[in-house]
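Read the figures in this text as sums done on the coordinates, not as results from a lab. Here the structure is a predicted model, which is why all the values come from computation and not from measurement. No Cβ is skipped: glycine too gets one built from the backbone with ideal geometry, and neighbour counts run over all protein chains shown.
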Amino acid sequence: MATQQEQIEGFGHVSRTIGTVFRYVLLAATLFGIVALTILLIYVANDAIQPLTADPGWHLTFFLTLVVPTLLVGGYLLRTDPASFRFGATVVGLLAVSTMFAGGAAMIFVDIVPPVVWFGYVVALGLALGGVVGIERLDRRLPFLARFVGAGAVIVAALGIVPGAIQSLPVYPTDGIMLTLSLGAPVAVVVGRYAAAEAGRRWTALAMLVALAAVGAGEVLGPLLAIGAVPATVLLAVAVVPTAGYAVGHTRRFPARRSGLALTAAVLGGALVGAAAVDALGFAGPQSWVDWQFLTSAHSGTAAEAGLYPAIGGSILLMVTVAALSFPLGVGAAVYLEEYAPDNRFTRFIDVNISNLAGVPSVVYGLLGLGVFVTYLGQPTGTVLIGGATLALLILPIVIISAREALRSVPDSMRQASYGMGATRWQTIKNVVLPRAFPGILTGTILALGRAIGETAPLIMIGAPNVLFSLPTSLSSKVSAMPLQVYAWASLFASEPFYQAAVPAGVVVLLIVLLSMNSIAIVLRNKYQTDQ
Amino acid sequence: MTENPEQEYAADESTDDPTTDDMLVETDVSESVAASGPTMSANTVVRAENINVWYNDEQALQDISLEIPENQVTAMIGPSGCGKSTFLRCINRMNDLIDAARVEGDLYLRGKNVYDDDVDPVALRRRVGMVFQSPNPFPKSIYDNVAYGLKIQNKKGDYDEIVEESLKRAALWDEVSDRLDESGLELSGGQQQRLCIARAIAPDPEVILMDEPASALDPVATSQIEDLISELAEEYTVVIVTHNMQQAARISNKTAVFLTGGELVEFDDTEKIFENPESQRVEDYITGKFG
């Protein structure tokens with residue numbers, strides 16, 4: 001009897017009380033962790049940097065020159081043109097992060113690998129690659145074995161002879177020139193290709209030349225700024241030139257975003273003007289523990305003279321070793337398990353065990369490293385190689401799991417398309433699956449490296465020294481690491497100034513290094529997500 | 001790869017196939033697709049004999065026997081789960097990639113049984129192009145997408161020319177000629193599907209299999225794809241699976257109707273199927289009473 005006259009008075013009410021309570025309990029749980037962590041970090045940063053020891057004039061100067069202009073320009077851009085704001089902020093972030101990496105690289109070239117050795121190996125690698133490509137191009141009818149043997153001979157010969165030959169030259173170019181050629185040239189190629197992609201092919205050569213010339217300027221600028229030719233060249237090659245290349249390429253492609261550079265100018269200019277102003281006005285800065293002295297000197301009995309330099313270098317070397325060991329092993333295992341292995345009881349057993357291994361405490365891995373490498377293989381304790389191998393074992397399950405996740409995220413339709421074209425499994429993996437999964441694999445590996453860089457227990461187990469006064473110079477020298485040094489200050493040298501200032505300063509440096517590493521992972525992940 | 005793969009393929013084991021001999025393969029009879037009349041004169045490219053397919057214990061296809069003529073569009077229609085896609089994937093042995101699938105019977109491509117022990121499924125798939133339901137270009141440049149088949153097969157020749165030719169045949173060249181180095185994923189859905197068609201025809205296959213190629217596309221893109229299929233049939237043998245009966249009626253010369261249970265109920269000229277089917281079940285399906 002539904003006539004058009006029938007009317008509804010109301011729809012009643014459905015209770016949402018429990019849902020609302022649940023929602024705010026979840027919010028509280030989320031905030032609890034974040035707030036607790038933030039407070040802790042503020043305490044640590046306060047102890048390490050001690051901002052309140054600075055002259056109020058110092059704060060006021062930087063507030064006026066740096067904070068106010070940045071907020072004004074940033075706020076204005078954010079309201080009117082968010083794309084430009086993001087671009088400007090990216091340039092600042094890129095410069096900051098790449099400067100850290102430049103610092104690490106400079107450390108390597110100053111103290112670990114002399115530029116002439118590096119130059120020799122880069123030239124040898126270039127020759128070897130050229131030889132291999134030449135053999136491939138020369139005659140495709142050569143049997144595979146002949147090409148394989150030929151390529152192998154070229155690689156071995158180049159790597160075996162060229163570095164030694166270059167080092168034995170009576171006169172060789174200055175360090176700056178060698179670094180410009182061996183470090184600047186690859187950077188110039190990358191910048192040139194980027195310029196070609198963003199601004200068009202005809203800019204490639206020009207971009208490469210400008211980039212190379214800019215890196216070469218380090219030879220002159222370094223001594224002028226009193227930081228030496230080598231660090232200046234590295235800084236230009238790793239930080240300044242890539243950032244400038246990105247900024248120029250991006251503004252050519254999106255001219256409308258040029259205004260974003262105002263933000264970059266506000267931050268950089270503000271910092272420079274502020275520094276000049278406090279210098280001129282005589283305002284004292286904070287008595288920060290994280291200063292040049294802390295970053296460049298070794299441990300000392302007096303806290304004020306102690307530094308983290310050997311530990312930073314050790315951590316960098318350890319990370320390079322860990323990455324070199326765990327990346328091929330982990331990715332290889334992941335590709336096998338994901339693409340080749342049949343689904344049977346044995347592979348499922350391996351699956352479960354890899355997941356379990358990812359949760360095994362790190363001290364157990366330390367014991368494993370001690371047992372296998374030191375006791376069984378008779379290696380000396382505490383070297384870069386042993387430390388790196390132990391940490392690589394520690395993160396191997398994480399690398400495998402994250403790489404498998406990345407491989408699994410490649411849509412099956414891509415594999416089907418490739419098989420449908422008549423590709424073999426190897427061709428499908430090489431041409432379709434791996435390129436697509438690569439950013440994800442890299443992200444997972446970097447995050448796993450982030451775990452390795454903070455590990456203390458395995459290094460203690462394998463007998464890494466708590467205190468080291470110089471950088472390790474080879475894979476078989478003793479190595480210390482940042483967390484180990486911090487731990488030593490907190491335990492062995494426990495005294496007021498050490499654990500009130502040196503420890504927080506060490507923690508801050510460790511966190512900054514960790515964040516710059518993870519920032520690569522974040523950038524890769526964002527790029528990966530927008531590609532999909 | 002040999003100079004004349006077609007010959008080798010048929011000559012290899014011509015004893016296997018009593019009906020198709022070398023002479024027939026060589027003669028180029030039907031050039032016109034427009035002719036929708038009797039198509040008895042066309043060569044048979046694919047001949048299935050008693051194909052049965054099981055997924056584990058469940059039978060997906062029952063005793064399918066049919067002949068697919070050269071340079072024509074053959075449509076497979078039927079309700080969901082009737083096995084028409086499964087049959088399509090028998091032709092290039094894509095079912096091999098599914099562990100649970102088991103195929104019995106014989107399927108001849110140009111007189112060679114593709115289920116013989118000496119047939120390498122990878123080599124077979126290089127002769128058979130495939131276009132899938134949803135566009136699946138590789139995350140590579142448009143150029144590299146089209147050149148993919150050439151590269152993996154190590155084909156000689158001017159890739160630039162073949163890529164251009166394939167894109168022109170796929171009616172995509174005018175839209176992408178100035179941005180061949182952009183990612184294939186940046187194209188619209190319809191363009192992506194035409195890119196996949198260009199990718200499939202670039203290595204010059206014997207047969208092109210299309211598994212519901214327009215089902216994920218809007219009506220405009222669908223009609224572009226349909227026009228394209230009719231044009232492709234001038235040079236290629238096209239086998240298309242579709243849900244859409246009007247589409248089958250519009251573009252195909254022959255139609256196979258599969259019904260639930262994996263049976264091939266009727267296979268005949270498209271006109272006959274849609275105007276005067278033999279079987280009552282097919283008529284019910286076509287008029288929408290069932291399925």
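The table for this structure:
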{"read-out": "Alpha-carbon Rg/Rh ratio, for the range A:61-285, with Rh computed the Kirkwood way", "value": "1.09"}
{"read-out": "Trypsin sites (Lys or Arg not before Pro) within the range B:212-291: DSSP coil, no more than 12 neighbouring Cβ in 10 Å", "value": "B:Lys289"}
{"read-out": "Under 5 Å, built H, 5+ apart or other chain: amide partners of B:Val207", "value": "B:Gly129"}
{"read-out": "Amide H partners (placed H, <5 Å) of B:Ala60, local residues excluded", "value": "B:Val53, B:Trp54, B:Tyr55"}
{"read-out": "Average beta carbon contacts from partner chains per residue of A:412-419, 10 Å cutoff", "value": "6"}
{"read-out": "Karplus-derived 3J(HN,Hα), 6.51/-1.76/1.60, for each residue of the range A:214-222, Hz, glycine and proline x", "value": "5, 5, x, 5, x, 4, 8, 5, x"}
{"read-out": "Whole-Hz ³J(HN,Hα) from phi, Karplus 6.51 cos²θ - 1.76 cosθ + 1.60, for the range B:176-192, glycine and proline x", "value": "10, 4, 9, 9, 5, 8, 7, 5, x, 6, 7, 7, 6, x, x, 5, 4"}
{"read-out": "Inter-chain Cβ neighbour average for residues A:62-73, partner chain, 10 Å", "value": "0"}
{"read-out": "Set of the range A:151-190 residues, backbone N closer than 16 Å to the point 7 Å along the Cα-Cβ line of B:Asp181", "value": "A:189-190"}
{"read-out": "Rounded Å value of the spacing that divides the Cα centres of the range A:61-126 and the range A:280-319", "value": "21 Å"}
{"read-out": "Average beta-carbon neighbours from other chains, 10 Å sphere, peptide B:143-154", "value": "3"}
{"read-out": "Reachable lysines, given that their alpha-carbon falls under 18 Å from the alpha-carbon of B:Lys272 and they are not under 8 places away in the same chain", "value": "B:Lys254"}
{"read-out": "Order by protection proxy (mean Cβ within 10 Å, highest first), peptides A:442-451, A:35-44", "value": "A:442-451, A:35-44"}
{"read-out": "Potential lengthening between A:Asn46 and A:Phe22 on full extension [0.36 nm per residue; Cα-Cα distance subtracted]", "value": "5.0 nm"}
{"read-out": "The range A:10-48 versus the range A:423-445: alpha-carbon centroid distance in Å", "value": "40 Å"}
{"read-out": "Computed E for B:Thr287/A:Arg451 - FRET, C-beta separation, R0 56 angstrom, nearest 0.05", "value": "0.30"}
{"read-out": "Cut-off of 10 Å, at most 14 other beta carbons, DSSP loop: longest stretch of chain A lacking such GluC sites (Glu not before Pro)", "value": "A:10-532"}
